Amino acid sequence: MGETNSVGVKRVSLAAGSELQGLFGRGDEHARLVEEGLRVRLVVRDGMLTISGGEGNVAVAEQVVSELVTLVRQGRPVGNQEVRLALRHFGQQDADSFREVQAEAIEVSTKKRPVRPKSLGQKRYIEAIRKYDIVFGIGPAGTGKTYLAMAMAVSALLQKEVHRIILARPAVEAGEKLGFLPGTLTEKINPYLRPLYDALYDMLETERATRLIEQGTIEIAPLAFMRGRTLNESFIILDEAQNTTSEQMKMFLTRLGFGSKTVITGDITQVDLPAGRVSGLIEVRGILKDIPGIRFIHFTEEDVVRHELVQQIVRAYEAYQAPPADPGA
């Protein structure tokens with residue numbers, strides 16, 4: 001947002017202690033994001049925050065700060081992602097979109113915080129999972145594709161909307177084949193499934209998650225274990241789907257039984273299949289695009305919620321891998 005010629009000053013009253021810390025972040029990192037993003041200056045003295053700079057930018061900064069203070073007063077954790085999202089939406093005079101994202105929550109275990117989206121793309125993904133029985137989440141690393149699907153699955157199980165959760169991954173990734181890895185079948189498979197366990201334990205207490213796995217209520221398995229089954233009243237997630245073959249994708253999609261919901265996630269720029277094999281995830285977009293009951297959600301680097309450098313890395317790779325411009329065009 002550009003500077004205006006006139007200088008503006010706004011003041012916002014803040015409570016000392018946790019409210020101030022929650023707003024400013026560790027080492028005042030949130031304040032620096034606002035200052036750099038809007039080219040304003042923030043100064044706190046005697047419980048009063050003074051915002052100074054170009055008049056237009058100061059007005060936006062005041063809106064951003066006021067909105068973040070509201071979240072802090074509600075006991076909501078405010079991180080860099082919330083600050084950046086507020087800067088983007090308020091800078092574009094789109095306050096409603098920011099509030100829409102903040103209003104969304106996925107209730108998981110009562111002993112864990114609700115899982116919340118961190119971008120408008122993530123909110124649309126959650127809405128799609130609620131509405132459709134088959135949803136594809138396609139996009140780069142760090143966009144929350146698998147994590148949010150897991151949260152929706154856990155929520156559905158705890159609310160008795162489904163009777164079990166099935167989490168599957170292709171067992172061949174990064175150029176390695178299971179047969180060449182040491183150990184028993186379980187020892188060979190576990191490294192591929194570890195990210196799914198990590199997400200699950202983030203949403204459920206360890207003992208409860210372990211008990212549900214032992215009971216078979218939550219099943220975490222390689223994709224090959226899905227063959228020949230019909231999965232009724234289940235929430236099924238296929239992760240890293242870019243590494244499925246055409247045949248595997250068809251096999252997986254035809255497992256869906258009555259009362260079930262499935263989410264397929266993957267990054268089509270990270271295919272680890274042998275040369276000459278078509279990714280089932282890339283192919284399926286063309287095959288199923290016109291079926292009304294199926295929804296495709298495409299994430300961009302704006303939905304990346306990991307370290308801010310990840311967003312820049314994703315953008316750099318997209319630019320590097322883009323086809324060169326046609327000089328005759």
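The values are calculated or read from the model by the stated rules, or taken from the named source; none is laboratory data. If you're wondering where the values come from, they're calculated on a predicted model, not measured in any experiment. A quick note on method: Cβ atoms are made from the backbone with ideal geometry, for glycine too, and the neighbour counts reach across all protein chains shown. Surface accessibility is based on the protein's heavy atoms, side chains included, excluding ligands, DNA and RNA. Shrake-Rupley method; radii C 1.70, N 1.55, O 1.52, S 1.80 Å.
By definition, a body whose alpha carbon gyration tensor gives a ≥ b ≥ c is prolate when a/c is 1.5 or more and a/b is larger than b/c, and region 30-160 fits this prolate description. Cross-link pairs exceeding 31 Å between alpha carbons, from the set Lys111/Lys289; Lys111/Lys131; Lys111/Lys250; Lys112/Lys261: Lys111/Lys289; Lys111/Lys250.
Just need the Rg to Rh number for region 1-89, please, alpha carbons only, Kirkwood Rh. Show your work: numbers first, answer last.
Working: Rg = 12.1 Å, Rh = 12.8 Å.
Dividing the radius of gyration by the Kirkwood radius yields 0.94.
For Asn232, neighbours were defined as the other residues whose beta-carbon sits under 15 Å from its Cβ, and their charges (Lys and Arg +1, Asp and Glu -1) total +1. Just the protein heavy atoms count here, and of the accessible area of region 52-144 at 1.4 Å, carbon and sulfur take up 44 percent.
Keeping every protein chain in place, order Tyr320, Tyr125 by accessible area at 1.4 Å, biggest value first, i.e. largest first. Provide the component values of the computation, followed by the final result.
Values: Tyr320 185, Tyr125 0 Å².
The ordering from most to least exposed comes out as Tyr320, Tyr125.
Rounded to the nearest 10 degrees, the inclination of helix 308-321 to the longest alpha-carbon principal axis of the chain is 60 degrees. Net charge in the neighbourhood of Glu214 (other residues with Cβ under 15 Å of its Cβ; Lys, Arg +1, Asp, Glu -1) is 0.
Annotation: amide H of Arg164 within the under-5 Å range of Phe235, sequence separation 5 or more or interchain, hydrogens built in the peptide plane. Amide H to amide H, with H built 1.01 Å from N, Gly8 comes under 5 Å of Gly53, Gly54, Glu55, counting only residues 5 or more places away or on other chains.
In the chain, the DSSP beta bridges split such that about 40 percent are antiparallel, to the nearest 5.
Calculate the FRET efficiency for Asp272 and Thr230 from the Cβ-Cβ distance with a Förster distance of 35 Å, rounded to the nearest 0.05.
Working: r = 29 Å, r/R0 = 0.83.
Step by step, r from the Cβ atoms, then E = 0.75.
Using modelled backbone amide H atoms (1.01 Å from N, in-plane), which distant-in-sequence or interchain residues come within less than 5 Å of Thr262's amide H? Residues meeting the criterion, in which the H sits 1.01 Å from N, are Ile134, Val135, Ile236. Each label point is 7 Å from the Cα along the Cα-to-Cβ direction; what then is the distance between the points at Arg113 and Ala141, in nm? Result: 2.4 nm between the two label points.
Length gained on full extension, Thr254 to Gln93, computed as 0.36 nm times the residue gap minus the Cα-Cα distance: 53.5 nm.
Need the full-extension length gain, Arg194 to Gln21, defined as separation in residues times 0.36 nm minus the C-alpha distance. One decimal, nm.
Roughly 58.8 nm would be gained on extension.
Taking all protein chains as present, what is the carbon and sulfur share of the accessible area of region 275-318, in % to the nearest whole number, probe 1.4 Å?
Working: 1600 of 2920 Å².
Solvent-exposed carbon and sulfur of region 275-318 make up 55 percent of the total.
Quick one: grab the alpha carbon gyration tensor of region 62-137, order the square roots of its eigenvalues as a ≥ b ≥ c, and give me rounded if a/c is under 1.5, else prolate or oblate depending on whether a/b is larger than b/c. Cα axes put region 62-137 in the oblate bin.
Taking Lys and Arg as +1 and Asp and Glu as -1, the other residues whose beta-carbon sits under 10 Å from that of Gly37 total +2. With all protein chains kept in place, the per residue accessible area of region 51-103 amounts to 40 square angstrom at a probe of 1.4 angstrom. Quick one: if the Förster radius is 22 Å, what FRET efficiency do His298 and Gln81 give, using the C-beta to C-beta distance and rounding to 0.05? For His298 and Gln81, the calculated efficiency is 0.65.
Pull out a ≥ b ≥ c, the square roots of the eigenvalues of the alpha-carbon gyration tensor of region 228-329, then state rounded if a/c is under 1.5, prolate if not and a/b is larger than b/c, and oblate in the remaining case. Could you put the intermediate results ahead of the total?
Details: a/c = 2.16, a/b = 1.69, b/c = 1.28.
Prolate, since a/c reaches 1.5 and a/b exceeds b/c.
With the other protein chains left in place, how much accessible area per residue, in square angstrom, belongs to region 182-305 at a 1.4 angstrom probe?
Values: 6200 Å² over 124 residues.
About 50 Å² of surface per residue is accessible.
Stretching Arg315 away from Ser52 to a fully extended chain increases their span by 91.4 nm, per 0.36 nm per residue minus the current alpha-carbon distance. In the chain, the longest principal axis of the Cα atoms and the axis of helix 80-91 are about 60 degrees apart.
First measure r as the distance between the Cβ atoms of Leu288 and Gln159, then evaluate 1/(1 + (r/R0)^6) with R0 = 30 Å and state the FRET efficiency to the nearest 0.05.
Efficiency, rounded to the nearest 0.05: 0.60.
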